[in-house]
Amino acid sequence: MVWSLNNLRCGIAVEFLGFYHSHPNWLDTNEPSPQDIALAYYSEAIYFIVTPRPYATTPIRAFSIRDGRAMELEIQVLS
C-alpha cells in the first residue's frame, strides 16, 4: 500500500482502488467504526472492511467515506 501511494503521488500510472482492513473484535457487522470515519482522509478511496467471522452474510463490504459519513457501495464479482 505504501508503494502504491508513493507512486500515486509521483504520477506513476497505478490503479489505486482503496484500503482494506478487518474488525475482528468490533460489532457483528463489518461496518466503519467511528475511528474509521474520522481517519478517512482520502475521499476518492474505497474502504473495504473484511470480517473473519465464518457466519457473516457479507464477509466483505465496501464504503465511500466522505464528509464524516459512510455510504455502502455494491460489490460485483465478475467471472
Is there any pair with a first residue in the range 32-46 that is under 9 Å from S64 (Cα atoms) and a second that is assigned to a loop (DSSP other than H, G, I, E, B) and at pLDDT below 90 whose Cβ atoms are under 9 Å apart and which are 6 or more apart or on different chains, and what are they? E44/F16; A45/F16; A45/L17; I46/L17
How many residues does the range 40-71 hold that are loosely packed, with under 13 Cβ neighbours inside 10 Å and either aliphatic (A, V, I, L, M) or part of a strand (DSSP E or B) (or both)? 2
Residue in the range 18-31 that is modelled with the highest pLDDT, counting only those that are surrounded by 11 or more Cβ atoms within 10 Å (Cβ to Cβ) and part of a loop (DSSP other than H, G, I, E, B): E31
What pairs come out if I take residues in the range 51-79 that are at pLDDT below 90 and pair them with residues that are in a loop (DSSP other than H, G, I, E, B) and exposed (fewer than 11 other Cβ atoms within 10 Å of the Cβ) whose C-beta lies under 6 Å away, six or more apart or interchain? P52/P24
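The values are calculated or read from the model by the stated rules, or taken from the named source; none is laboratory data. Keep in mind it's a predicted model, so treat the numbers as computed, not measured. Glycine also receives a Cβ, built like all others from the backbone with ideal geometry; neighbour counts cover every protein chain displayed.
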